[in-house]
Amino acid sequence: MKWEIPLVIVFVTGVILALSDFVPHQSIQDVREFFMSWLQIIGVLAVGLGLVSLTQVNLVKVRRKTPGWIYSVITLFGLVIMLVTGFVWDYREPSNPFQFLFQYALLPIYATMFSLLAFYIASAAFRAFKARNALATTILVTAVIVMLGQVPVGAKLAPLKSWIMEVPNMAGFRAILLGIGLGGVAMALKIVFGIERAYMGRD
Amino acid sequence: MSFLEKIPRLDRRVLYLLVAIAAVVPMFTPLGLPIPTSREVEGLFDYIEELGPGSTVLVAFDFDPQTVGENGPQASGVLRHCFERDVNVLITALSQNAPGMAQEMIETAAAEYDKVNGVDFCYLGYQPYPAIVIMSIGQNFRIPFPQDFYGTPLDSIPLMRAKQNYDDIDLVVSVAAGWVAESWVTYAKERYGCDVALAVTAVQAAQYYTFWNAQQIVGLLPGLKGAAEYQAMMKGAGMSYTDAPLRGMDVQSIEHLLIIAFIVVGNVGFFAERARQRREAAAARAERRGER
């Protein structure tokens, strides 16, 4: 029964949710809505679980003074201070300590992390983008055309860039997306019919 | 070793310094390069232009602070355009860190155009699991959002009283930095028949041209370039606009030219080194033949 009950739950849920995409009747839509609200509840519990896990992992690092433990202290400090300010002050008010930390600490940190990519991309372009053979040269030339066509200074190349994006690029992406979609359907069917059972902790 | 052969060993800090200079200098000395517009950006702009006063657009803030440099000007441009045309705006923020940013942008734009919360726009806020929220809106806004961001029940908000689901809105614009954009196309467009436009980061845009060419979306704003084109069109139409994305395109132009220069110089160094290696190998072979 330990294995059969979860399989029955997955089968019934999977079939109902798949049917709800094709059957517009209100009864099946109500059942779908019920399952959807469960998904949100489980998601919220997962956030709680993540919070406990993050705290435990970093506390262990601090206690054992493992290399880089100081970063764990900073992580825990950030976690506690955002939680406390979030609970004490209304996050919807435009100016309070929570909003201050969000606007002037979190936001610039995120933006800085993303901006650093520009430096790494420049370095990678210099070191790795080499015309070693015909294929590499094709990629290199295409990349240069797209980069130039993307900015005002290379406006003359914009039509060629648009063609690259809308024809060869689109064909490639469409193939990838179709592959992902078909793979997803196959995996879903395997799970619904109990062929794929890795989610229960065994093959 | 010649100068050309030394190029591949160039210290990466020199490259970083050049990138930093190329980013900072155009900010202080704007180049004012012309911004040609593309069909995908015109698609969204024209769609909103054709909406009459009282129409409704849902603007979804589906991005986190890391991409605010690209997504921020996009969201701000679309919001301002809607307010300029007296189009009602509903706003959602389905990314965890988006609500604070969205709130600031909405309040700034609303103050600029004298728009009233609950009458001209409604900020619905954040709910977890974007795909589920997007699907639920198809049934009723009140399922995922019983209240707006400020805690007011939807039925107490004048703008929302007659709004039930996608049938009551004209367009969804997802300003996104992740897969959420795809969910709007999958559910809002394909399942519920609501028109959708996307404003995404430049990296992501390549993926979404498939939707544009298949006419599944009415417009596409790719990265900062999309935001700059949008602002240029607003400027051309005599509307108020922000020139930050236009200046940003100056920076991007110089940066792209610099990266192309890096690629060229890197390849010169690569071929110089390969030629040296071939010469050395030929010399070694000749030496071995001489010894024999």
*asked:* Net charge around B:Leu198, counting only other residues with Cβ within less than 12 Å of its Cβ (Lys, Arg = +1; Asp, Glu = -1)?
replied: -3
*Value of relative contact order over the stretch B:126-253, rounded to a whole percent, pairs C-alpha under 8 Å and six or more apart*: 17
*Determine which lysines satisfy two conditions relative to B:Lys115: a Cα distance under 25 Å, and not lying fewer than 8 residues away in the same chain.*
B:Lys163, B:Lys235
*Distant-in-sequence amide H partners of B:Ala199 (H built 1.01 Å from N, under 5 Å)*: B:Ser174, B:Val175, B:Ala176, B:Leu221
*Pairing the Cα long axis of helix B:98-113 with the longest principal axis of chain B, what angle in degrees results, from 0 to 90 and rounded to the nearest 10?*
70
*Largest-first ellipsoid semi-axes for the protein assembly as shown, taking √(5λ) over the Cα gyration tensor eigenvalues, angstrom*: 43, 31, 26
*Going by accessible area, probe 1.4 Å, with all protein chains left in place, what is the ranking of A:Leu177, B:Leu79, B:Leu17, A:Leu140, largest first?*
B:Leu17, A:Leu177, A:Leu140, B:Leu79
_Using a 10 Å cut-off around each Cβ of peptide B:204-213, what is the average number of partner chain Cβ atoms that fall inside?_
5
_From the phi angles alone, apply the Karplus equation (6.51, -1.76, 1.60; θ = phi - 60°) to the stretch A:138-151 and give each ³J(HN,Hα) in whole Hz, x where the residue is Gly or Pro._
4, 4, 4, 5, 4, 4, 5, 4, 5, 4, 6, x, 7, 10
*Once every DSSP H run of n ≥ 4 in chain B is given -39500 (n - 2.57) and the sum is divided by its residues, what mean residue ellipticity at 222 nm do you get, rounded to the nearest 500 deg cm²/dmol?*
-17000 deg cm²/dmol
*Expressed as an acute angle from 0 to 90° and rounded to the nearest 10, what is the orientation of the C-alpha long axis of helix B:68-84 relative to the principal long axis of chain B?*
30
*Using a 10 Å cut-off on Cβ to Cβ distances, tally the other chain neighbours for every residue of A:124-134 and report the average as a whole number.*
6
*For the stretch A:50-56, take each phi angle, set θ = phi - 60°, evaluate the Karplus expression 6.51 cos²θ - 1.76 cosθ + 1.60, and give the result in whole Hz per residue in order, putting x for glycine and proline.*
x, 5, 5, 5, 4, 5, 4
*How much accessible area per residue does the protein assembly as shown have, in Å², with a 1.4 Å probe?*
52
*Which ³J(HN,Hα) values in Hz, rounded to whole numbers, follow from the phi angles of the stretch B:241-248 under the Karplus curve 6.51 cos²θ - 1.76 cosθ + 1.60, where θ = phi - 60° and Gly and Pro get x?*
8, 10, 8, 4, x, 5, 5, x
*Quickly estimate the mean residue ellipticity at 222 nm for chain A, helices only: each DSSP H run with n ≥ 4 gives -39500 (n - 2.57), and the total goes over all residues, rounded to 500.*
-26000 deg cm²/dmol
*In peptide A:110-123, how many Cβ atoms from other protein chains are near each Cβ within 10 Å, on average?*
6
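The values are calculated or read from the model by the stated rules, or taken from the named source; none is laboratory data. A quick note: this is a predicted structure, and the numbers were derived from the prediction, not measured. Reconstructed Cβ throughout: ideal geometry from the backbone, glycine too, with neighbour counts over all protein chains shown. Note: areas computed on protein heavy atoms with side chains; ligands, DNA, RNA excluded. Shrake-Rupley method; radii C 1.70, N 1.55, O 1.52, S 1.80 Å.
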